Amino acid sequence: MKQVLTWACSLLFVFPLKAQEVPEVYSNIGSDENGVFLQMSNQKIYAQAAGDYFHFSDFYNNITGTEAGLEFDFKIPDLNGTLYYGFINYKDGSFPQPVYFRESSPIVNGKTVIPIARNLSGRYDMIGWEKSGKGILGYRIMTDKGLILYDGKAAFIHQDTLFTAVPTVIEGPFINKLTHKSCVISFVTSQEVKASIKTNNKTFTDKKASIKHEIEINRLEAGTQYNYQLTLGEFEYDFKFETSPTPGSRKKFTFAYGSDSRSGQGGGERDIFGTNAYIMKRIASLSMAEGAKFVQFTGDLIDGYEVSRERMNLQYANWKHAVEAYWHYIPFIPGFGNHEAYNYIFHDTIRDFNYLIDHFPFANDSGESLFQDNFVLPENGPRSEDNSKYDPDKSKDDFPSYKESVFWYTYDNVAMVVMNSDYWYSPQGLSIVSGNLHAYIMDNQMKWLEKTLKRLEKDENIDHVFVTVHTPFFPNGGHVKDDMWYNGDNRMRPTVNGKTYDEGIIERRDKLLDIIVNKSTKTVAALTGDEHNYNMLTITEEMDRYPETYNHEKVKLSRTFYQINNGAAGAPYYAQEKTPWMKHVRNFSTQNALVLIDVEGSKIHVRVKNPDTLELIDEYDLRK
Ligand SMILES: [Fe+2]
């Protein structure tokens, strides 16, 4: 979250391209004054241009007050459509939403107005702006094809008959990194400003004016509710959060799990530019209604696979907006999936094939760095794959960072270990360009996992460990051709700087199972996604899990382990497929689903609910 978006945009739009350093981990990739290219024999294939037709910041930055109301210029000359708008009454209810006015405004050549004085006064002034001289509007940008691009917010002041647009909290506040004595409250403002948070009779103010704000609140009491107030200029926002219990107090609590909320079919809010905001919002409201203390959400939040940083950031913003009203109170903890990919794409016209690699420079313009910019997550994971045996140059950083995509956290007697199986991911053609394989956990992350599970094994406050990773160990519907199986083809493996990894995907899966199942007694289940369905798999030593011919060592499993797959947060469905382990699958469902895990001391009970219809899909004990 350290990067200032507008700064990055100006770099992209103003500066001419020049040759940039290509990370040594790639092969056949070069760069010159024309851009980044793939070298195929004597042909240079340049990466596709970002093709940006908007600046994300123009969706909220160019708002001007007049005597009539607010004027918007989205700076997209081709944009024609509709602007829906309405006040957000922050004092009416706990989960603020715009209440859309009965009329809308046309967007013509990227420009539109909200006539506040004419339309939203008198009996339509439900926030009292005429008396207080201030208010906040929500607005929705819809194209003439009916696509919703963005839901924004605009704060205004009204003085001496003139409206003035003022700095606005456009994302958040969000509760992050919650512990029994601290949390980090984050929010994004439309302009560089200083803001403050007041809680527990103390005021925490930004050290410097910025767009992205992270305020750490500490020295709190365990298991205690705190009201907090965010102040920005003349506007105050009041919410509350609850610290986690003293570790190991073994109180009863619930948490929620899901993944895969990229956009779905059906139109409307099922696709707010890159995300299924409809189902995601239902998931957030159901989690809150069930009293969930946090929501773990592991991967494929958005459509991604983008060559544009602008479009990636808009997609992430839309995901955050979908759950925002609930994230004021409880943490949403995202993980990294394949759709978080931000790529260079090289189109080989001769073979009609696209090669895709993770965008670079890794430090500030990669899939990993965009994820870091958009979320505030624990930073206790491994550093990167630098210094692994495959690192081509141990003297410098050649790999992306694992920061905020691999980490662990605890809540009372539960630990959640979050992994990234789409790190430094090359979606296509990796034997030529090098890169990591979808679902493959590389060496340094494996070592970190082993070390982390060992540490949790010794932690007397922890009874249950969940491992969450986007890709299932045993896919069942939609990704039998990849994930940690690849139709049983163990030849699949990463390539680093043209050198292939020693171990194939199935050997790596077995090594993971050995660490998770055999070397730990506390791990109870893997929470996975990628496949857009819900199902539960009981993994035992008896379960068939190898291809017919398999010449490598087979791992023996010392106990039963569970895989709870829930990729049913709104992405297009997959039906069940044939696998060697299919008879061990329970209750495969293509309904949208939210997994609710009830923990009470040594017991774990699971309920699976459809967040749309609220029907109970499945229910069982994991530990009695
Ligand atoms: Fe996925």
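The values are calculated or read from the model by the stated rules, or taken from the named source; none is laboratory data. From a predicted model like this one, the values you see are computed outputs, not experimental measurements. Because the Cβ atoms are built from the backbone with ideal geometry, glycine has one as well, and the counts that use them run over all protein chains shown.
Here are the numbers:
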read-out: Conditions (1) under 30 Å from His605 (Cα atoms); (2) of a type in the set (Phe, Trp, Tyr); (3) touching a helix residue (DSSP H, G or I) at 6+ places or on another chain (Cβ under 8 Å); number of the one not met by Phe273; value: (1)
read-out: Set Tyr316, Tyr342: member being outside the structural domain of Leu147 (by TED's automatic domain parsing) and over 25 Å from Cys183 (Cβ atoms); value: Tyr342
read-out: Within the range 525-551, considering residues that are touching a residue at least 40 places away in the same chain (Cβ under 8 Å) and of a type in the set (Val, Ile, Thr), the one surrounded by the most Cβ atoms within 10 Å (Cβ to Cβ); value: Thr528
read-out: Inter-residue pairs, beta-carbon under 6 Å, first farther than 15 Å from Ile357 by Cα and in the range 297-312, second near the ligand (Cβ under 10 Å from one of its atoms) and basic (Lys, Arg), 6+ apart; value: Asp300/Arg262; Ile302/Arg262; Asp303/Arg262
read-out: Strands (runs of 3 or more DSSP E) completely within the range 179-233 that count 1 or more residues being in contact with a Lys or Arg (Cβ under 6 Å, 6 or more places away or on another chain) and either of a type in the set (Gly, Ala, Ser) or not assigned by TED's automatic domain parsing to the domain that holds Pro378 (or both); value: 183-193, 225-232
read-out: Residue tally, condition more than 21 Å from Ile170 (Cβ to Cβ) and in contact with a strand residue (DSSP E or B) (Cβ under 9 Å, 6 or more places away or on another chain), over the range 217-230; value: 9
read-out: Matching residues, the range 21-42, being surrounded by fewer than 19 Cβ atoms within 10 Å (Cβ to Cβ) and either of a type in the set (Val, Ile, Thr) or in contact (Cβ under 8 Å) with a residue 40 or more places away in the chain (or both); value: Glu21, Val22, Glu24, Asn28, Met40
read-out: Residue check for Lys293: farther than 30 Å from Ala341 by Cβ, at pLDDT 95 or above and assigned by TED's automatic domain parsing to the domain that holds Asp530; value: yes
read-out: Strands (runs of 3 or more DSSP E) (entirely within the range 54-163) containing at least 3 residues that are over 22 Å from Gln191 (Cα atoms); value: 81-87, 105-107
read-out: Filter pass, Ser388 being buried (at least 23 other Cβ atoms within 10 Å of the Cβ), closer than 21 Å to Lys447 by Cβ and of a type in the set (S, T, N, Q); value: no
read-out: Residue in the range 427-436 that is more than 16 Å from the ligand (Cβ to nearest atom), within 25 Å of Asp373 (Cα to Cα) and modelled with pLDDT of 95 or more present; value: yes
read-out: Residues of the range 409-458 that turn out to be touching an Asp or Glu at 6+ places or on another chain (Cβ under 6 Å), hydrophobic (A, V, I, L, M, F, W, C) and either surrounded by fewer than 19 Cβ atoms within 10 Å (Cβ to Cβ) or closer than 22 Å to Tyr257 by Cβ (or both), as a count; value: 1
read-out: Residue ID - nearest to the ligand (Cβ to nearest atom), chosen from residues in the range 507-545 that are under 22 Å from Ala415 (Cα atoms), basic (Lys, Arg) and assigned to a helix (DSSP H, G or I); value: Arg509
read-out: Count of the range 102-123 residues which are touching an Asp or Glu at 6+ places or on another chain (Cβ under 7 Å) and of a type in the set (Ser, Thr, Tyr); value: 1
read-out: Residue, farthest from the ligand (Cβ to nearest atom), within the range 546-583, restricted to residues that are within 30 Å of Asp612 (Cβ to Cβ) and of a type in the set (Gly, Ala, Ser); value: Ala575
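Residues are listed down the side, and each one gets a yes or a no for (1) on the phi > 0 side of the Ramachandran plot; (2) assigned by TED's automatic domain parsing to the domain that holds Leu232; (3) over 28 Å from the mean Cα position of the chain (by Cα); (4) buried (at least 17 other Cβ atoms within 10 Å of the Cβ):
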| position | (1), (2), (3), (4) |
| --- | --- |
| Asp92 | no, no, yes, no |
| Pro98 | no, no, no, yes |
| Phe101 | no, no, yes, yes |
| Pro106 | no, no, yes, no |
| Gly110 | yes, no, yes, yes |
| Leu137 | no, no, no, yes |
